[in-house]
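S.K.: Have a look at this one before I ask anything.
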Amino acid sequence: MPKHFTILTEDLPSELVAIKLLKFVDPEVEVVNAIGRQGEGYVRSRLPNLNRAANQHLKVVALLDTDSLRACPEDLIADALGAPRNPFLSVRCPVTEIESWIMADAEALATFLQIREAAISDRPDEFEDAKIELRRLANSSPSVRIRSDFAGDLGVARPGPLYNPMLEEFLLNQWRPGHAERRSPSLARAIPALRALVQA
Amino acid sequence: MKISRVALKNWRNFKSVDVQLQDRQFIIGPNASGKSNFLDAFRFLRDIARPDGGGVQKAVADRGGLSKLRCLSARTDPEVRLVLELRSEGDSPDQWVYEIGIRQQPRGRREVYVSHESVTKNGDQLMLRPNEEDSEDDVRLTQSFLEQVNENRSFRELATFLEGVTYLHLVPQLLRYSDEFQGRVLEADPFGQSLLERIAKTPKKTQKARLRRIAQALKSALPQLRELQFEKDEVTGRPHLAALYDHWRPNAARQREDQFSDGTLRLIGLLWSLTEGDSLLLLEEPELSLNAAIVGRMAPLIYRMQKSRKRQVVVSTHSVDLLRDPGVRPNEVLLLEPSKEGTSVTPLSEMQDIRRLMDAGMTAGEVALPRTAPKQLQLFSF
């Protein structure tokens, strides 16, 4: 029986994280439908539909950033679902953003950004704005390319022009869920939950 | 008449395909999966049926010879075969099946010939080739019966339908600069170059009524538009479209088609095609150069136009917006997926998980189009 999954995420980096996590949990998983790439509002608006659609043969994983340290993931999910959660659907919340999970593999990130591993926090879930922290780290890189194309001008909320493609490359080739879960409690909770869903 | 089923063997990307067609059919798939080639199967049959210099030989030659038509995945079987199942409208609809097989002589002059041709109507065979005469005189097999008025009498209805198949991939620049180009208009005018002439040739009364309907439909896209008119240039005698726009001046301002935007021209061409003729209409990526909000209205627009004119429409598209309309049914979308063994064609209604997602309120644009995105995500990260 093929292990088919549908995922719902807000952007391409989150989509890659979801695919990587599922493959890490069980290499036989196949993500057949990747829905989203249209922002966080879209994820919220479509969660009720997927909650209705999910079943034994159509398991669904959604990622929803908490965006704030004060937000309670459980309330957030209940609010977005608007109905009891379908057992074949799992919503996981990176605290506070997908960048927290990305920074949690500090060793790989240090290599990617060409910085010292010690410069990377070992508590990535505790940043109010994880994205700005990742860009701040990138801005300390000796590589001009990483500073200008990836980090961008720290004075504005907009990252460098190659932020997403470079992040995608990093996720595809370097990022390791098994290392990342040691530093991010929200990721450490997500992995067994996904494993349970794969086996459900 | 409507095409209810199409089967292709060794046709371009398709090694073997057999699908049902709906009155409104959307074709989606990755780049180079064969969307245009799928539409070309219908244009090919039209080119055979055309009375003004069509025929098998020309239809094959125009496409660069049989070796260009044959599916690369087909290794052993060299025959190209197309099958159409059609049904006529009305109280007692007739079921038609047309089938044609084409081969090339392996040696000698390597001529292209008809290896099979048949027509059935309500299960009765009206024609089957090669017949006795064909075996006495094999030159006869260089032509199909579909293209010969003497031979297609018993299935003229079918031939007329295929002749009327229209393909539209309107290129606004060709229409706008038609005076400057003065170029050769391709047969059957796929790029809408002679749209204005076609409008000019329509009887006045019909023409007016259609333009009024089009202006009405356009209003949702262009709220300033007051009226769409057709006029002849008094000096050159060339036909022109004119639009009256509401304006800050007391009298509405006039614009001719060379001042229309690409989007407006494409919309007019599209709407005109929908109101013209009753044969199959093939639209290639109608979303190009149009605003997303307008594209989002296109699926219901086609449906509404079909209410009054029972024209079957097959649309190839890459647009999430076009397929975001919640009224598009799973069987109205065909997904093309390339593989080493040729491209497969599957209605979304046969893909269980997609069907379930659509039944839960997701749209075809959301659930099926992501499947057509390039797998290699780093494609553009250079």
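Every number in this text was worked out from the coordinates using simple rules, so none of it is lab data. The structure displayed is predicted, hence computed values, not measured ones. Every residue, glycine among them, receives a Cβ derived from its backbone with ideal geometry; neighbour counts consider all protein chains shown.
S.K.: Under 20 Å from the Cα of A:Lys3, which aspartates and glutamates turn up, not counting those fewer than eight places away in the same chain?
M.R.: A:Glu15, A:Asp26, A:Glu28, A:Glu30, B:Glu350, B:Asp353
S.K.: If we count other beta carbons within 10 Å of each Cβ, what is the order of A:His57, B:His169, fewest first?
M.R.: Values: A:His57 13, B:His169 18.
Starting with the residue having the fewest Cβ neighbours, the order is A:His57, B:His169.
S.K.: In peptide A:56-69, what is the residue-averaged number of other protein chain Cβ atoms found within 10 Å of each Cβ? Walk me through the intermediate numbers first.
M.R.: Numbers: counts 0, 3, 7, 1, 1, 0, 0, 0, 0, 0, 0, 0, 0, 0.
If you average over the peptide's residues, the count of other-chain Cβ atoms is 1.
S.K.: So what's the angle, to the nearest 10 degrees on a 0 to 90 scale, between helix A:163-173 and the longest Cα principal axis of chain A?
M.R.: In chain A, helix A:163-173 runs at an angle near 70 degrees to the longest axis.
S.K.: Per residue of segment B:328-341, in order, report the coupling 6.51 cos²θ - 1.76 cosθ + 1.60 (Karplus, θ = phi - 60°) as ³J(HN,Hα) in whole Hz, putting x for Gly and Pro.
M.R.: Values per residue, Gly and Pro as x: 6, 8, x, 7, 8, 10, 9, 9, 9, 10, x, 8, 4, 8 Hz.
S.K.: Something else: Go through B:Lys35/B:Lys340; B:Lys15/B:Lys35; B:Lys201/B:Lys232; A:Lys59/B:Lys35; B:Lys208/B:Lys232; B:Lys35/B:Lys201 and tell me which ones have a Cα-Cα distance over 22 Å in this structure.
M.R.: Numbers: B:Lys35/B:Lys340 17 Å; B:Lys15/B:Lys35 14 Å; B:Lys201/B:Lys232 12 Å; A:Lys59/B:Lys35 31 Å; B:Lys208/B:Lys232 14 Å; B:Lys35/B:Lys201 32 Å.
Pairs exceeding the cut-off: A:Lys59/B:Lys35; B:Lys35/B:Lys201.
S.K.: Something else now. Can you give the charge dipole size of the protein assembly as shown about its Cα centre, rounded to the nearest 20 debye, using +1 on the beta carbon of Lys and Arg and -1 on the beta carbon of Asp and Glu?
M.R.: On the way: 81 positive and 81 negative charges, 157 e Å.
Magnitude of the dipole: close to 760 debye.
S.K.: Could you derive backbone 3J(HN,Hα) for segment B:210-217 from the dihedral phi with the Karplus parameters 6.51, -1.76 and 1.60 (θ = phi - 60°), listing whole Hz in sequence and x where the residue is Gly or Pro?
M.R.: 5, 4, 5, 5, 5, 4, 4, 5
S.K.: Quick one: which residues, 5 or more positions from B:Asp94 or on another chain, have an amide H under 5 Å from its amide H? H modelled 1.01 Å from N in the peptide plane, none for Pro or chain starts.
M.R.: It is B:Ser88, by chain and number.
S.K.: Report the full-extension gain for the segment A:Val144 to A:Ser45: residue separation times 0.36 nm, less the Cα-Cα distance, to one decimal in nm. Write down the numbers at each step before the final one.
M.R.: Numbers: separation 99, 0.36 × 99 = 35.64 nm, distance 3.97 nm.
Between A:Val144 and A:Ser45, full extension yields an extra 31.7 nm.
S.K.: Helix-derived [θ] at 222 nm for chain B: sum -39500 (n - 2.57) over DSSP H runs of at least 4, divide by residue count, nearest 500?
M.R.: Details: 14 runs with 111 residues, N = 382.
For chain B, the value works out to -8000 deg cm²/dmol.
S.K.: Mind checking A:36-43 for the average number of partner chain beta-carbons within 10 Å of each residue's beta-carbon?
M.R.: On the way: counts 2, 3, 2, 0, 0, 0, 1, 0.
Per-residue shielding by partner chains comes out at 1.
S.K.: Amide H to amide H, which residues 5 or more places from A:Ser90 or on other chains are under 5 Å from it, using H placed in the peptide plane?
M.R.: Answer set, sorted by chain and number: A:Val60, A:Val61, A:Ala62.
S.K.: Could you list A:Cys72, B:Cys71 in order of exposure, starting from the residue whose Cβ has the fewest other Cβ atoms within 10 Å? Please report the intermediate quantities before stating the final value.
M.R.: Working: A:Cys72 12, B:Cys71 23.
Ranking A:Cys72, B:Cys71 by Cβ neighbours within 10 Å, fewest first, gives A:Cys72, B:Cys71.
S.K.: Moving on. Can you tell me the alpha carbon radius of gyration of segment B:1-141 divided by the globular rule-of-thumb value 2.2 N^0.38 Å? Before the final figure, lay out each step's value.
M.R.: Details: Rg = 15.8 Å, N = 141, 2.2 N^0.38 = 14.4 Å.
Against the empirical 2.2 N^0.38 Å value, I get 1.10 for segment B:1-141.
S.K.: How large is the direction-averaged shadow of the alpha-carbon convex hull of chain A, in nm²? Each step should come with its number before you reach the end.
M.R.: Numbers: hull surface 41.9 nm².
Computed as one quarter of the Cα hull surface, the answer is 10.5 nm².
S.K.: Okay, next question. Specify the inter-centroid distance of segment A:33-84 and segment B:227-250, based on alpha-carbon positions, in whole Å.
M.R.: About 53 Å separates the Cα centre of segment A:33-84 from the one of segment B:227-250.
S.K.: When a footprinting reagent is the concern and you count Cβ atoms within 10 Å, what order do B:Glu111, A:Glu10, A:Glu40 take, fewest first? Please list the in-between numbers first.
M.R.: Working: B:Glu111 14, A:Glu10 22, A:Glu40 18.
With the sparsest Cβ surroundings first, the list reads B:Glu111, A:Glu40, A:Glu10.
S.K.: Compute the relative contact order of chain A as a whole-number percentage, counting only Cα pairs closer than 8 Å that sit 6 or more residues apart in sequence.
M.R.: Relative contact order of chain A: 22 percent.
S.K.: A further question on this structure: Taking R0 as 35 Å, what FRET efficiency do you get between B:Thr346 and B:Ala221 from their Cβ-Cβ distance, rounded to the nearest 0.05?
M.R.: On the way: r = 33 Å, r/R0 = 0.94.
Approximately 0.60, to the nearest 0.05.
S.K.: May I pose another question? How many angstrom separate the Cα center of segment B:67-108 from the Cα center of segment A:172-200?
M.R.: Cα centroid of segment B:67-108 versus Cα centroid of segment A:172-200: 53 Å apart.
S.K.: Excluding residues fewer than 8 places away in the same chain, name every one of the lysines whose C-alpha is closer than 16 Å to that of B:Lys2.
M.R.: Once the sequence-local lysines are set aside, what remains near B:Lys2 is B:Lys121, B:Lys307, B:Lys310.
S.K.: Next question. For B:Tyr167, enumerate residues with amide H under 5 Å from its amide H, sequence gap 5+ or separate chain, H modeled in the peptide plane.
M.R.: B:Leu282
S.K.: Hey, another quick one. Rounded to two decimals, what ratio of Rg to Rh does the protein assembly as shown give with C-alpha atoms and a Kirkwood Rh? Each step should come with its number before you reach the end.
M.R.: Working: Rg = 28.9 Å, Rh = 27.5 Å.
Ratio value, two decimals: 1.05.
S.K.: I've got another one for you. How large is ³J(HN,Hα), in whole Hz, for each residue of segment B:28-41 in order, when computed from phi with the Karplus curve 6.51 cos²θ - 1.76 cosθ + 1.60 and θ = phi - 60°, using x for Gly and Pro?
M.R.: Residue by residue, segment B:28-41 yields 10, x, x, 4, 6, 8, x, 4, 5, 5, 5, 4, 5, 4 Hz.
S.K.: Give me the Kirkwood hydrodynamic radius of segment A:99-178 in Å, from all C-alpha pairs, to one decimal place?
M.R.: On the way: mean 1/r = 0.0806 Å⁻¹.
With all distinct Cα pairs of segment A:99-178 included, I get 12.4 Å.
S.K.: Based solely on its DSSP helices, what 222 nm [θ] is calculated for chain A when runs of n ≥ 4 H residues each add -39,500 (n - 2.57) and the sum is averaged over all residues, nearest 500 deg cm²/dmol? Let's see the in-between values first.
M.R.: Details: 9 runs with 91 residues, N = 200.
That comes out to -13500 deg cm²/dmol.
S.K.: Now a separate question. Work out the mean other chain Cβ neighbour count within 10 Å for the residues of B:351-362 and drop it here as an integer.
M.R.: What the average comes to for B:351-362 is 6.
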